[in-house]
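> Would you mind keeping the following structure in view while I ask a few things?
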């Protein structure tokens, strides 16, 4: 069974290897990111072995959508500059991501701005039925890579 979903949002961020202060994004949805989105819909927490099982079983592909004028909506990369501080104004220790001698950490987070993708997810029929049902009635709010990247439209899966 194969499911199709459209992912559109003002911002999307699909994981690439990053370090703490610099968070990049891929130019397109990654298989791991889509499995995370599915896990969110199904109520599977981060780090759960079931996510790795989904990743090994599902076949995930994507297409870049076009606007009404036939232009590809691949988006552009936007980098956000942030400063993280403690609420009480104190120094950040190592557990907070700091070195113990800093009052703030500068972060750079990259996003895909104004993109639209169609994602095709294929797998065993019984699993895909569960994925389909979870997308129609998600346990947790789905997002496009990062929690601050909501879809502009509800995820409405279509069976292909």
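The values are calculated or read from the model by the stated rules, or taken from the named source; none is laboratory data. The structure displayed is predicted, hence computed values, not measured ones. We place every Cβ from the backbone using ideal geometry, glycine too, and count neighbours over all the protein chains shown.
> All but one of (1) within 19 Å of residue 121 (Cβ to Cβ); (2) not in a loop (DSSP other than H, G, I, E, B) hold for residue 106, so report the exception by its number.
So the condition that residue 106 fails would be (1).
> Hey, residue 148 hits all of (1) under 26 Å from residue 68 (Cβ atoms); (2) modelled with pLDDT under 95 but one; which does it fall short on?
So residue 148 meets the others, but not (1).
> For segment 11-25, how many residues meet the condition of being touching a residue at least 60 places away in the same chain (Cβ under 8 Å) and either under 15 Å from residue 130 (Cβ atoms) or surrounded by 13 or more Cβ atoms within 10 Å (Cβ to Cβ) (or both)?
Result for segment 11-25: 9.
> Looking at this structure, is residue 98 surrounded by 15 or more Cβ atoms within 10 Å (Cβ to Cβ), at pLDDT below 80 and either out of contact with any helix residue (DSSP H, G or I) (no Cβ under 7 Å at 6 or more places or on another chain) or not in a loop (DSSP other than H, G, I, E, B) (or both)?
Values: surrounded by 15 or more Cβ atoms within 10 Å (Cβ to Cβ): yes; at pLDDT below 80: yes; either out of contact with any helix residue (DSSP H, G or I) (no Cβ under 7 Å at 6 or more places or on another chain) or not in a loop (DSSP other than H, G, I, E, B) (or both): yes.
Spelling it out, residue 98 is indeed surrounded by 15 or more Cβ atoms within 10 Å (Cβ to Cβ), at pLDDT below 80 and either out of contact with any helix residue (DSSP H, G or I) (no Cβ under 7 Å at 6 or more places or on another chain) or not in a loop (DSSP other than H, G, I, E, B) (or both).
> Still on this structure, please answer the following. May I ask you to list the residues in segment 28-54 that are surrounded by fewer than 15 Cβ atoms within 10 Å (Cβ to Cβ) and in contact (Cβ under 8 Å) with a residue 60 or more places away in the chain?
43
> Scan segment 81-94 and give yes if some residue there is more than 24 Å from residue 65 (Cβ to Cβ), modelled with pLDDT of 85 or more and either in contact with a helix residue (DSSP H, G or I) (Cβ under 8 Å, 6 or more places away or on another chain) or surrounded by 11 or more Cβ atoms within 10 Å (Cβ to Cβ) (or both), otherwise no.
yes
> Tally the residues that are closer than 18 Å to residue 43 by Cα and buried (at least 17 other Cβ atoms within 10 Å of the Cβ), restricting the search to segment 122-148.
Of the residues in that region, 11 qualify.
> Looking at 7, 55, 51, which is the one that is part of a strand (DSSP E or B) and in contact with a helix residue (DSSP H, G or I) (Cβ under 9 Å, 6 or more places away or on another chain)?
From the options 7, 55, 51, the qualifying one is 7.
> Going through 121, 60, 77 one at a time, which residue ends up being assigned to a strand (DSSP E or B), closer than 20 Å to residue 9 by Cα and without any contact (Cβ under 8 Å) to a residue 60 or more places away in the chain?
Values: 121 fails: without any contact (Cβ under 8 Å) to a residue 60 or more places away in the chain; 60 fails: without any contact (Cβ under 8 Å) to a residue 60 or more places away in the chain.
Among 121, 60, 77, only 77 is assigned to a strand (DSSP E or B), closer than 20 Å to residue 9 by Cα and without any contact (Cβ under 8 Å) to a residue 60 or more places away in the chain.
> Can you tell me which of (1) more than 27 Å from residue 1 (Cα to Cα); (2) in a loop (DSSP other than H, G, I, E, B) is the one residue 46 doesn't meet?
With respect to (1) more than 27 Å from residue 1 (Cα to Cα); (2) in a loop (DSSP other than H, G, I, E, B), residue 46 is out only on (1).
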